[in-house]
Structure formats: structure tokens, C-alpha cells
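Working notes, beginning with the structure itself.
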Amino acid sequence: MNYADLFRVTLSETALDIAALLVLVVDLGFLRKAALQIRVFSAVLIGVFGCAAAVAVMPFQAEGGLSYPGSTDLLLATGGYTAIAQVGILMLTVLTLFFLVGSDFTKHVGEFVSVTLMAATGGLLICSAQDLLVIFVGLELLSLGLYVLTAFAKRSGKSAESAMKYYLFGGMSAAFLLFGFSYLYGLTGSTNLHEIMRGLFAPAVLNSTPLLYVALVMIAAGLGFKVAAVPFHLWAPDTYQGAPAPAAAFIASVSKVASFALLIGISAAALHAMDQVHGAGLVTATLSGDAPRFMGFHWGWSTLMAILAVASMVFGNLAALAQDSVRRLLAYSAIAHAGYILLAIAYFSRSNVSANAILYYILTYGLTIIGAFGAVSVVERVNGSDRMDAFLGLYKRNGLLAGILLVLFLSLAGIPPLVGFWAKFNLFAAVLQVNRGATPFTLVAIAVAMSAVSLYYYLQVLKRVFVMPPSNATSVKGSPLAMGVLALITIAVIALGCLPGLMQSWMASFYAGM
Amino acid sequence: MLAWTIYISFAGALMLALLPKGNAALARAIALVVAAAGFAIAIAGFASGAGQGRVTIIDVPWVPMMGIHYTLAADGISRVLVLLTGLAAVSGVLFSWNIEFRTNEFFAFFLALIGGVYGVFLSFDLFLLFVFYEIAIVPKYFLIAIWGSTRREYAAMKLALYSFVGSAMVLVVLLAAYASSGSHSTGLVSLANANLPVSFQMWAFPVAFIGFGILAGLWPFHTWAPTGHVAAPTAASMLLAGVVMKLGAYGCLRVAIGLFPHGLDPWGWSFWGIGSWRDVFALLAVIGIIYGALVALAQTDFKFVIGYSSVSHMGFVLLGLVTLTQVGVDGAVLQMFSHGVIAGLLFAIVGRIVYERTHTRQLGELEGMYLGRRLPFAAWAFVIAGMASMGLPGFSGFVAELQVLIGAWIAKPWWTAASGVGIVIGVAYTWRALQKAFFTDRLPRPDEHPKEGWPKFDPITWPEITATCLLFGATLIVGIYPSILLNSIEPAVKALLAGGMQ
């Protein structure tokens, strides 16, 4: 392996990092004395160009990714689900950057954009990482950025408090993750995902499954924190509520996409290794009789994911019922949505059906939640609160914004013909395609029932927006750019919902060369 | 051509939503034009489709990777129900002529609901049907929550959640049928021909039947219906009783019975005479008929009387469906049409003609208002509508319920005996409401006479008269010459009961 090869697979990450540095230079150097608006504008512009450049250079990345010297095992993957997730991350990053325009929580816009781009770099990295060390470095790069972004509203005590909570939880979960990784390394003597997954079928490891299970639980805890799965979700409501709106939208969308891409990578590697081992006849050679099904990584992993999934969707939806703050409500609903997706991780397919269904879900969810946070922040800026009552009679105070909230919240609830419905259907159909047994079927039934529960709390917000009279008559105005972006997101949510095949064929095009 | 009913309704809804506020007259006019155009298309489609079987209107791949098609088609059942929807839409707009509060939004939600209903009746892809079915939920919520009366927010939320739970059950069945058919298609025809395993149909049928039945007022899942009907503004209660409950019944017929016919097979053991899902749902339907009628008899609120009578009448529809006999199912479909018209009429009289003038629906207070003399139009209208509702010969209700009862007799005689009781109680509660609201014996005491004479009620307006005549005409034509509908219902039902939907 030489650095030229490494550079060729990390072109996008490099482009983003250059943009991140450029933002700092321009903002702190050239525009030091300029008005805040100009600084915000230029910082966002550079950020957007950075993301665009990262997408543009992606086709030039080395095909097939980067392998270890003298081995076919990948260190960094490219193409396929990795590329879809990376493009998704970059697009969602651009959207969150737009909401910085017109917001007033900080004067340090250069730093904000720069940290956002660096965190996105971490996101890109973990989408392609196939090695425990790279995964950990990428996760930390992403997480550290998120802690900083959460704390960015320096005048707000809530922001600092939530950042501190987030940081403490995050540090702890990183420790769990590292602990789990160290066991995996100890069991197999490798840090490469594929080698580990194969190594776990070795006779020596089969005798020490308890160690493997400890490792699995630790890893599930560490990654469960990233996707805010119950019981590792405690940071989410506080962070969603305290963080400045663009940061919260970033955490809710980009960070989720990256984390689920990582989960896809791990599950795919586990299944792939299982097939390789079975194909080579290794298992039957080392064992007499039938191979126990709890061997290897896959069985324990999918069981853990199923448990997390059920806990998340049940608890997330029920807890959301009791919320009075719309941001906290969105946080608990995010936990529930993570639960649905984890179901598809638990029943993962060898073909790319599951990976596509998950990415379809998380990308459209990210799009919708960015819009929702954008709309909430417009209301919040005028009313000074994100309580339910701040939304009273919004239809009279800003009809367009009310319409946007209607579409986005109904999409989150999964009402057709909006995109959220297709995402859910796609996801549950993928689960049932993998396994038609009674257990996955029951789990899907629970998920569908829970999404019926979710309609209640989404309607609670919409009721205040459309049904109840306004508490005061001042109009709610957002900046033209923010309203324009929100309208675009809304149109996308409707259009993708009416033509669901569009995005599916877009995603399929990434697998064309493979 | 029928597909345009869907498109113009949604286009009208969009146009009204974007209309600048404060121009109520224009909003009304647009809504009326759109509804009338839909009705005209429905009539034309019905007339041109006479004698034909299932006609595919459009069939294009929608989500090619999942084998989902955008399939609109119409058979005799669909055409009759589309006709009913058009009728309900036009009369609903006419009876909402006096809405002044957020007029354009009201009609936008109204037309969106109508568009969803047309869509359900015309979909021949299970997936598409489900999409339209869910589209209809949200407008209902806002129609009741914003423009409703008694406990409207509670009633609206209850209705929305009941509907959504019902559709969640349908979604589970849809996912399961999609996964286990293996045909990679969600077309109703291909699913019906997919030979789904009997064990699968055995559990899919009740789940789908209850899921749709919730919206059809299946006892004991009917409790959304009276509260929803009472809280809803007049046009919305007309739509709820007139077409939305039919969505549920239609789903029971088209999806539950059409796709999972083996779910109705005997279990092989029986408990107190109940040996199949068919017996279970027949029992629930009969309970619904009698229970709805008895509760209607005890109401003090005029609108609740009509609300519970809907539960009772919808019981006949469900009973007719599970008879699985040609005549019984014919009767059920005809009863869907008949009840849609008659319930719409009753709700219009109570909610619009009477309530908007007296501002009370309490039978006790109406008794002291001598409406028989002071609102003769309302009294006449209610007498005729009440007769239709009781099932007197000459009105559509008679033909429909008679066929259901004959079908039930063929299946199991005791079903007919029990539901006959429901008809008798039906006469009683209609009579009681009629007597109390319009023709009380009690003469006003001298001190009850207002000094300046009885205040005049607002005169009856032309939209009210037009819409009332429209609905009267429909129930009379069908009552006197039922073949006009039965000729198209019969072959479609025959094909559906024969299986395979061919």
C-alpha cells in the first residue's frame, strides 16, 4: 500500500477537508472585518462547493476500493452502498448548511462550517471503512465534530448542558466500542472486518463464544449510542432540544446516515464471511455434525439488533406521546425510526435489497427531518420556544410554513403518497423477503402498530398548526433562502413519494459497475 | 374516463388550497363545478359501462422493482359506488353552501377526501387501493377538527386513530400477501389467482376484514362512528356515513373476501354454533344491527339517533357480505348505495336544515319548537327520508335489505330472524325521532307563546332544496326500478364470488 493509492480512494474526503480549511482561511483571514451576513454567505458557499466537489470527484476514485497489501480483503470500500451513503451524506450536509443563513446563534460561522465539513468527512470515512481502526477513527472524527457543533450556541445554557451530556455519553460509548473491538482483535488477531468475521469460525474461537458475545454486546452498545437506540438513547432528547437548529438537523440526518451505513457494512461483512466459510467447507471440516447456528458473528449480532429494534420502536413512540417540546418529540420519534431500521439490520439480506431499503429509509428520513428542524427553527426564532403552544394557529401566521409542516410530519408518520410511507413499506417488505417466519412477521406487525401510535403525536402538532386559533397575530417570517429550501424539500418529499421508482433506480445505478 | 374523477378532485383540492383567502363565493363555485364534473363523469362512466364486465382504465408500472402497478379499473360494483361518491360529493357541496369560516380550505379538504374515495373504488392494485385508502384519513381529521361541533377534537382524533389502526392491519396483510404470494405483484387479480395457502388465508382474512370493518362500523369497533358523525360538519357527516363507511365495506368485499375466500371456510370444529370466521362476523353484524338500533332508540341528541342508525344499517351490509350468496352480496352492495343516499339525506336534514336554524339538536328542546308547523320543508323531508330509512317499499332501502335478509335466510335462517328484530326497532327509533322533533302532541302553554309571535327561521335556500331533491330522486329511482343498479352489480358479484376476479 502506498499513499498514492490511499489518496485515490479518499478523494472525496480530501476535497471536503480542503474546503474545511479554506473556509477557515477565508473567514478568519480575508473577511475578518466583514459584516456577519457576508461571512455567513461566503462560508456556506464554500461549504456547498466543497460538498459539490466531493461528489464530483467520486467517480474518479479507485474502483473496487483499497485492499491490504497482498490480500483481497478491503480496507476501504468504494461504490455500491458506500457510494450511495456518501452522496447522501454530502447532499444532506449541503441542506443543513443552508439553514445557517439567517440564524443568529453564533458569530463564529467559519468555525461552524469548518467543523461541520470535518464531521461530514468522518461520516464519509465510516461509510467505506472495513477495518476496526479506521471505523473507530472515523466515528471519533464524526462524534467530536458533533459535540462541538452541539455546544456552538455559546449564549445558551441549554446548548452547553446538552453538549456536555452528549460528550459524556459519547465518550463512554466509545470506550465500550473500543473494548468490544479489542475482544474481537484478541479472538481473531486481526483488525480487518472480513478477516475477523472468517476468523470467528475458527475452532479455537468456537470454544470461547462467551467472549464473542461480550464483544458483541459492547459493540452493540457503542453503535447503538450512535443511532440512538434504546437503551442507549438518553442523550438524544437533550441534544435535539439544546443544540442549535442546523447542528441538530445535522445530528439527526447526516450522523444517522453514516452510522447506519456502518451497520450495513458490518452486517454485510458478517454474511459474506459466513458464505465464504460455508462455501469452502471449513465448518464441516472442523466440526462433526451440524454446525450450531449460533456460531460466528451473524446470529448474535442479528439477535441483539432485533432486541434493540423492538425496544427502540416501542419506547420511542410511547415516550413521544408525552412530549410538550416539538424538538424532544422529534428526538423520540427519531429513536422510533431508528428502531424500524434496526429491524432490517437484524434481518439482513445477502443481496443488496436490505442495504437499499435501509439507505432509502435513512436518506429520505434525513431529508424530511432536516426540513422539519428547519421549519421548527423558523417558528422558534419568532416565538422564542419550541413548545407545542408556539405552533398555535400557524396556518394564519404563515400559510406556506403550515403547509410545509403538514407534508413533512405526515411523511414522518408514513401517510401515502409521501415518501415516508414508501420508505416504511420498502423496509418492512425487505425484512419479510429475508425471512418469512413467525418472528420477523410479529416484529413487523409490532412496527406497523407502533407507526399507528405515532400518528397521534404528529397530529398533536398539526392540530395546533391548523385547528386551534393563534395566540397572537404576528406573522411568522423565515428568511427567503430558508423558506425556499424548505419548499424544495417539501416538493421533493411529495415527488419522491408519487414516483417512488425514481430513487430506487438512482440507487440501483450505483451497483451497475459491480 | 372514470379515472378523471380522481384527477379533477385532487386538482380542485389543490386549486382551492392555493386560492387567496376571503373569496368564499368563488371557492364554493369551484367546489361545486368540480364535484358536478366528477358526478357527470361518474354517470357517463356508469351508463357507458352498462353490460360490460371489468374494464381496465389504465395499467402502467408504478414501482417496477417491486412489481407494483398503477392499475385503475372498474367493474359493476366500482361503477355503482363511484356513482354514489359523485352524488354524495355534489349534495355535500350544496349542503355546505353556508360555510363562511375558512371556506376554501374546507372545500380543499372536502375534495381531497372525495378524490381519495374515488381512488379506492377504482383501484385494482392492492397497493394503490391502500394508498388511496390512507389518503382519505387526513382530510377527515381536519374536516371534523376545524369545522365540527360537539367534542370535535376528541371525535376527530378518535376517528383518525381508528382509521389508522384499521389501515395498519390492512398494511400487515398487504405485506404478508406480497411476501407469501411470491408472484412479485400486488395486482388484485394476480393476488386472487396466486393460490395463497389456506393456512395463510385463515389468518389474513379476519385481520383484513376487521381492518376494513373498523371503517364500516363493525361492532364492537364502531364507536368512532357515532361520535365522529355527530361532531362532523354536515357535509363531512354526509361523506362519513355516505361514502367513507362504504370504503370499509368495499374493502371487506374486494380485498378480504375477494383475495382470501378460503378464510371463510369452516374451521372443522364449532363452539356454540360458531364454526368459521363467517359465523363470527355474521354474529358481529347481527349484534351491530340490533345494538345500533337499540342505542338509537335511547338517544336524546337528534344527530346521535342518525349516527347509531348508521351502525345498524351498516350491519346489514356486513351481514349481506358474509352470506356469500349471490342475492345476499347483491343486497349488500345495493345497501351500500342506498344507505349512502339515505344517511346523507338524514344527516343533511338534521345537521344543516334543522340545526343551523334552531341551534340545538336535543330532542327535548326541539319538541318545544313545533318544527312541523314552522319548518314544513324539513318535516316533509324527514318523513320521506325516515320512510326510506325504515325500509318501506318504493325506496331503495327496501330492496337492499330484503335481498340481504333473503341471502341470510339461505345461509342461516336465524340470522334473518335476529336482524328482522333490528328492522322493527328501526321503525321505532325513526318514528320516535320524527314524533319528538316535528310532530309533538304537546300544545304550547300560554306563557310559552312569545310576545312578538314565533320568530321566523331563515328561509330554506335553493342549494338545500336542490340537494334534497337530488338525493330523494336517487333513492326513489333505485327503489322503484332497482335493476338499474342490480344489472351491473349482479355480474360483478358473481365474478367475485366465483373467485379469481375474472
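The table below lists the values:
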read-out: Filter result for B:Tyr141 (under 17 Å from the mean Cα position of the chain (by Cα) and within 7 Å of another protein chain (Cβ to nearest Cβ)); value: yes
read-out: Odd one out for A:Phe348 among (1) assigned to a helix (DSSP H, G or I); (2) crowded, with 24+ Cβ neighbours inside 10 Å; value: (1)
read-out: Those residues of the stretch B:102-142 which are among the polar types (S, T, N, Q) and in a helix (DSSP H, G or I), in sequence order; value: B:Thr103, B:Asn104
read-out: Residues satisfying the stated conditions in the stretch B:147-161, i.e. in a helix (DSSP H, G or I) and either within 10 Å of another protein chain (Cβ to nearest Cβ) or farther than 30 Å from B:Phe101 by Cβ (or both); value: B:Trp147, B:Arg152, B:Glu153, B:Ala156, B:Met157, B:Ala160, B:Leu161
read-out: Positions within the stretch A:428-438 being more than 7 Å from chain B (Cβ to nearest Cβ), part of a helix (DSSP H, G or I) and touching a residue at least 24 places away in the same chain (Cβ under 8 Å), in sequence order; value: A:Ala430, A:Val431, A:Val434
read-out: In the stretch B:174-185, residue modelled with the lowest pLDDT [restricted to those that are surrounded by 19 or more Cβ atoms within 10 Å (Cβ to Cβ) and more than 10 Å from chain A (Cβ to nearest Cβ)]; value: B:Ser181
read-out: Residue among A:Val453, A:Val485, A:Val448 that is more than 13 Å from every other protein chain (Cβ to nearest Cβ) and either buried (at least 17 other Cβ atoms within 10 Å of the Cβ) or not small (Gly, Ala, Ser) (or both); value: A:Val485
read-out: Residue check for B:Phe107: in contact with a Ser or Thr (Cβ under 9 Å, 6 or more places away or on another chain), at the interface with chain A (Cβ under 10 Å from one of its Cβ atoms) and not β-branched (Val, Ile, Thr); value: no
read-out: Extreme residue, farthest from B:Gly148 (Cα to Cα), among residues of the stretch A:469-482 that are surrounded by 15 or more Cβ atoms within 10 Å (Cβ to Cβ) and modelled with pLDDT under 85; value: A:Ser479
read-out: Counted residues, the stretch B:231-259 - those being over 15 Å from the mean Cα position of the chain (by Cα) and aliphatic (A, V, I, L, M); value: 5
read-out: Which numbered condition A:Ile126 misses (of (1) in a helix (DSSP H, G or I); (2) out of contact with any Leu (no Cβ under 7 Å at 6 or more places or on another chain)); value: (2)
read-out: Verdict on B:Phe164 being over 30 Å from B:Tyr355 (Cα atoms), within 14 Å of another protein chain (Cβ to nearest Cβ), among the aromatic types (Phe, Trp, Tyr) and within 21 Å of the chain's Cα centre (by Cα); value: yes
read-out: Helices (runs of 4 or more DSSP H) contained in the stretch B:1-101 and holding at least 2 residues under 21 Å from A:Leu499 (Cβ atoms) and away from chain A (no Cβ under 14 Å); value: B:3-18
read-out: Residue pairs meeting the criteria (Cβ under 7 Å; at least 6 apart or on separate chains; first within 27 Å of B:Ala282 (Cα to Cα), in the stretch B:413-439; second of a type in the set (Asp, Glu) and buried (at least 24 other Cβ atoms within 10 Å of the Cβ)); value: B:Ile423/B:Glu401
read-out: Boolean, A:Leu443 is part of a helix (DSSP H, G or I), over 28 Å from A:Phe348 (Cβ atoms) and of a type outside the set (Asp, Glu); value: no
read-out: A:Ala247 more than 28 Å from A:Val94 (Cβ to Cβ) and part of a helix (DSSP H, G or I); value: no
read-out: Top-ranked residue of the stretch A:33-87 - restricted to ones that are surrounded by fewer than 19 Cβ atoms within 10 Å (Cβ to Cβ) and among the β-branched types (Val, Ile, Thr), ranked as nearest to A:Ile196 (Cα to Cα); value: A:Thr72
read-out: The stretch A:201-215 residues that are assigned to a loop (DSSP other than H, G, I, E, B), paired with ones that are not aliphatic (A, V, I, L, M) (beta carbon under 7 Å, 6 or more apart); value: A:Phe201/A:Gly296
read-out: Test: B:Leu215 is without any contact (Cβ under 8 Å) to a residue 60 or more places away in the chain and in contact with a Gly (Cβ under 8 Å, 6 or more places away or on another chain); value: yes
read-out: Filter result (assigned to a helix (DSSP H, G or I) and either surrounded by fewer than 24 Cβ atoms within 10 Å (Cβ to Cβ) or at pLDDT below 90 (or both)) within the stretch A:227-236; value: A:Trp235
read-out: Residue check for A:Tyr395: more than 10 Å from chain B (Cβ to nearest Cβ), among the aromatic types (Phe, Trp, Tyr) and either in a helix (DSSP H, G or I) or surrounded by fewer than 24 Cβ atoms within 10 Å (Cβ to Cβ) (or both); value: no
read-out: Residue among B:Thr466, B:Thr416 that is surrounded by 19 or more Cβ atoms within 10 Å (Cβ to Cβ) and in a helix (DSSP H, G or I); value: B:Thr416
read-out: Some residue of the stretch B:194-202 being surrounded by fewer than 22 Cβ atoms within 10 Å (Cβ to Cβ), within 11 Å of chain A (Cβ to nearest Cβ), β-branched (Val, Ile, Thr) and out of contact with any Leu (no Cβ under 6 Å at 6 or more places or on another chain); value: no
read-out: Index of the failed condition, A:Ser471 passing every other in (1) outside any loop (DSSP other than H, G, I, E, B); (2) touching a residue at least 40 places away in the same chain (Cβ under 8 Å); (3) among the hydroxyl-bearing types (Ser, Thr, Tyr); value: (1)
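Condition check ((1) among the β-branched types (Val, Ile, Thr); (2) modelled with pLDDT of 85 or more) across all residues:
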| residue | (1), (2) |
| --- | --- |
| B:Leu434 | no, yes |
| B:Phe439 | no, no |
| B:Lys456 | no, no |
| B:Thr475 | yes, yes |
| B:Val478 | yes, yes |
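The values are calculated or read from the model by the stated rules, or taken from the named source; none is laboratory data. Owing to the predicted nature of the structure, the values given are computational and were not obtained by experimental measurement. Using ideal geometry, Cβ is built from the backbone for each residue, glycine included, and neighbour counts are taken over all protein chains shown.
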